[in-house]
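Only one structure is covered here, and it is reproduced in the block below.
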Amino acid sequence: MAKWGMVIDLDKCTGCQACTTACAMENNTLPGESWQDVLFYHQGKYPSAQMKWLPRPCMQCENPSCVHVCPTRATYKDMDAGGIVFVDWNKCIGCKYCMIACPYGVRFYADEKPLLEPDLRDIFPGSNGQLWSPPYQNPEQDWKRGIGIQPAGVVSKCTFCYHKVSKAPAGTPDLDEAIPELKEYVPACVRTCAPKARFFGDLDNPESQVNRLIGDKHGVRLKDHTGNKPQVYYLGAGAGVPAFEPKPRS
Amino acid sequence: MNQENIMKGPAGIGLLAISAIVLLASFGYAIASLMSQGHAAFNATSTVPWGQPIATYLYFALASSGLGLIASLPLVFGFRKFYPVVKRCIFLAFAILISGMAVLALELGNVFRMLWVIPLNLQIQSAMFWMGVFYLVDLLFLLWKFQKLDAGEWDSKTSKQVGIGSFLAVLLASGNLALIFGMMSMRPFWLDGLLPIYFYLTAVASGLAALVFFTYLAHGFSRDNMSAPLRNLLEGALPKFFGAVLGGTLLFIAVRAITGMYSNNPEIHLVWSEYLFASPVYQASLWLGIVLPFVLMLTGSMRNQAGTQILVAVLVFGGLFAERFFFVVGGQVIPLFKGTWEWDILSYTPSATEWSLTIMGSALLFTLWVLGERLLNLSAMPPSAVMQEGPAAEAAAHA
Ligand code: SF4
Ligand code: SF4
């Protein structure tokens, strides 16, 4: 089985948020429930200030702290699914311990105050156990893997678009949207990225493009000191997270 | 002595009625808002997932553990002076734990699912799994121990064994509860291998506050209504012990604050400087809820007065509740990996629904406690032979 990994080249990323939008459309997430997001950081002062952006999916950690803490095994790492970390919505009790334990802040409890008004959950009230039921939905639903629209009271997160990548022919080293016969299997964020800053492939295959990029361009994992060992690597200048600083007090 | 328990009379009926009304009203409000809005009725969010209901649960669970530890003083360690409060301690520990669990149940996303997914999946890696196991064992031991004492078995071999079992269950339950936080390296404000010790200490402090308050309340806030051994305890060992535990609590807070402030890690020192010490509520709860009670308990003449003890108990209730709240929220206020979306310390203030859960838990505690005082004999003491110290007394007790 492949070990799916993602590579994000920050020298190419323009911070356009197309990936964020594509993810929200693909996975029917609510505003604020950004399984994929582009974070912005700024440092320094004009005229030498720097602005960084950092696309951020779930890192599908090799040693995922979210999995270690989950009391119900609702959150699990599936080695038969390329090492993707899933949430089984039939098992999750909504204790939110995984959200405490994930160092990357990429898990969501959508049963919270809406980010934007009007609340989409009021406009499209949930049916069939869903938290909300918009008229256009991805037909792919797999609650055992946290795919589709979740019920109330559970945690959701990025699935590396498992409903797509799982259909790729076995042994494919890279899922590259530029190859016409593979494009349907490419995660939505990767497929949509206009400057082609995102790559997706098999980290267990030394020949894969993702491994070559990591090797040639000195790929790094963010917050590597946590020991979570992400399956998402970053390339290019600015691959790092500045330490937290509070807003200057007036 | 029970004739002087005012809870057995009309005062008890009055308090029972008030507590039951508050319980129903707060439960009704919480359920209504949860049914209509789901957990959007909470102000906890994906960035601060654990809010006041978790802090309330923590407060209650630890107060219960504290009471369990106090009950072990006579039952396990032979501090016989504590016998007069032991039944009340155990009953209160039970009632507070049930109240805390009720609050937690309404906080979880899918509470009933817990009943089958936890036993069927046996995720022994998770500290939260062990929390369920240990607190369940703790609850069963409390009931068993209470039943033994209620049957008059103060000093039998089984009651001693149950006492030891219960003591171990309390240590495991509250120590593991500490590690739920203490093992989180990604939340450096909590990360601390000694957190169980801090939890034991503060658990006993909140347990003593509850014990003092409810013992006085049962006796109409008057020592004249109390039995002689109980009066002796309240004028001697108990206030000294309370003072010492408050001192230990302060020491722990000071050490955590000093290491936290000194640390370069913004995820620790900013929590202290920009969140805890910057909050007037935290400051007030620290100075009025922990430092002042400690000062009041320092001199013998002050600490032995009933008025001081009641005041200290009430202040410590508030002080330690705030301590739990700021501890739980403090571990989450530095946003993880959010960039400029969250470029300041996160803020969290509980919503009306979250407050209603805290009120509901407290009302449930009062309701259960008054029922306990009315239906059971919580002031019961062992026969005088067991009460006396020394080998002769022990021999007499076994005879
Ligand atoms: S990034 Fe967070 S949610 Fe994703 S696998 Fe790692 S610990 Fe779990
Ligand atoms: S919220 Fe759900 S997935 Fe997360 S730790 Fe709790 S049970 Fe597991």
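Counting Cβ atoms of other protein chains within 10 Å of each Cβ in B:37-48 and taking the mean gives 6.
At a 1.4 Å probe radius, carbon and sulfur cover how many percent of the accessible area of chain A? In chain A, the share of accessible area belonging to carbon and sulfur is 55 percent.
The charge dipole of chain B, taken about its Cα centre with unit charges on the Cβ of Lys, Arg, Asp and Glu (plus for the first two, minus for the last two), comes to roughly 580 debye.
Checking every one of the trypsin sites (Lys or Arg not before Pro) in region A:45-108 against DSSP loop status and a limit of 14 other Cβ atoms within 10 Å picks out A:LYS45. When shorter helices are ignored and each DSSP H run of at least 4 residues is given -39500 (n - 2.57), the per-residue value for the protein assembly as shown at 222 nm works out to -15500 deg cm²/dmol. Computed over neighbours whose Cβ is under 12 Å from that of A:LYS229, the net charge equals +2, Lys and Arg +1, Asp and Glu -1. When both bridge partners sit in the protein assembly as shown, DSSP labels roughly 85% of those beta bridges antiparallel.
For peptide A:147-158, the mean count of partner chain Cβ atoms within 10 Å of a residue's Cβ comes to 2. Span-like helix check, chain B: qualifying full DSSP H segments, with Cα axial length of 18 Å or more and mean Kyte-Doolittle of 0.5 or more, are B:10-37, B:52-75, B:83-107, B:127-150, B:157-182, B:195-218, B:237-262, B:306-330, B:352-375. Within the accessible surface of region B:6-376, defined with a 1.4 Å probe on protein heavy atoms only, the carbon and sulfur portion equals 73 percent.
Around the Cα centre of the protein assembly as shown, unit charges on the Cβ atoms of Lys, Arg, Asp and Glu (plus for the first two, minus for the last two) sum to a dipole of about 960 debye. Only one residue of B:GLY100, B:PHE221, B:LEU149 has its Cα farthest out toward the positive end of the dipole of chain B, where Lys and Arg carry +1 and Asp and Glu -1 on Cβ, and that residue is B:LEU149. The protection proxy used here, the mean number of other Cβ atoms lying within 10 Å of each residue, ranks peptides A:128-138, A:148-158 as follows, highest first: A:148-158, A:128-138. Relative contact order of chain B: 32 percent, from C-alpha pairs under 8 Å at least 6 residues apart in sequence. Taking Lys and Arg as +1 and Asp and Glu as -1, the other residues whose beta-carbon sits under 10 Å from that of A:LYS91 total +2. Mean partner shielding of peptide B:185-195, defined as the number of other chain Cβ atoms within 10 Å of each residue Cβ, is 2. Highest mean packing comes first when the peptides B:164-172, A:183-191, B:110-118 are listed by Cβ atoms within 10 Å, giving A:183-191, B:164-172, B:110-118. Look at the dipole of the protein assembly as shown built from charges on Cβ: of B:TYR200, B:LEU136, B:ILE359, the Cα furthest out on the positive end belongs to B:TYR200.
Pairing chains B and A buries close to 4300 square angstrom of accessible surface in total, based on protein heavy atoms and a 1.4 angstrom probe.
In region A:26-163, Cα pairs under 8 Å separated by at least six residues give a relative contact order of 28 percent. Diagonalising the gyration tensor over the Cα atoms of region A:4-235 and scaling each eigenvalue by 5 before taking the square root yields semi-axes of 27, 21, 19 Å, largest first. With the convex hull constructed from alpha-carbon coordinates only, region A:1-90 shows a mean projected area of 8.3 nm² over all directions. Rounded to the nearest 20 debye, the dipole magnitude of region A:1-131 is 380 debye, with +1 charges on Lys and Arg beta carbons, -1 on Asp and Glu beta carbons, and the Cα centre as origin. Placing unit charges on the Cβ atoms of the charged side chains and taking the dipole of chain A about its Cα centre, the candidate lying farthest along the positive direction among A:MET6, A:ILE100, A:ALA178 is A:ILE100. Once you reduce region B:164-182 and region A:179-229 to the center of their Cα atoms, the two points are 44 Å from each other. For region B:6-376, lysine pairs separated by 8 or more sequence positions, or belonging to different chains, with Cα-Cα distances below 22 Å total 15. Anisotropy class assigned to the protein assembly as shown is prolate, per the alpha carbon gyration tensor with a/c at or over the 1.5 cut-off and a/b larger than b/c.
For chain B, the convex hull spanned by the alpha carbon atoms encloses 144 Å³ per residue.
Can you tally the net charge around B:GLY163? Count Lys and Arg as +1, Asp and Glu as -1, for every other residue whose Cβ sits under 9 Å from the Cβ of B:GLY163. Result for the neighbourhood of B:GLY163: +3. Calculated FRET efficiency, B:THR158 to B:PHE221, Cβ-Cβ distance, R0 = 25 Å: about 0.10 to the nearest 0.05. Across chain A, the mean sequence separation of Cα contacts (distance under 8 Å, 6 or more residues apart), normalised by length, yields a relative contact order of 28 percent.
The values are calculated or read from the model by the stated rules, or taken from the named source; none is laboratory data. Predicted, not measured: the structure shown is a model, and the values here were computed from it. Because the Cβ atoms are built from the backbone with ideal geometry, glycine has one as well, and the counts that use them run over all protein chains shown. When the accessible area is computed, the model is the full protein with side chains, heavy atoms only, and any ligands, DNA or RNA have been set aside. Shrake-Rupley method; radii C 1.70, N 1.55, O 1.52, S 1.80 Å.
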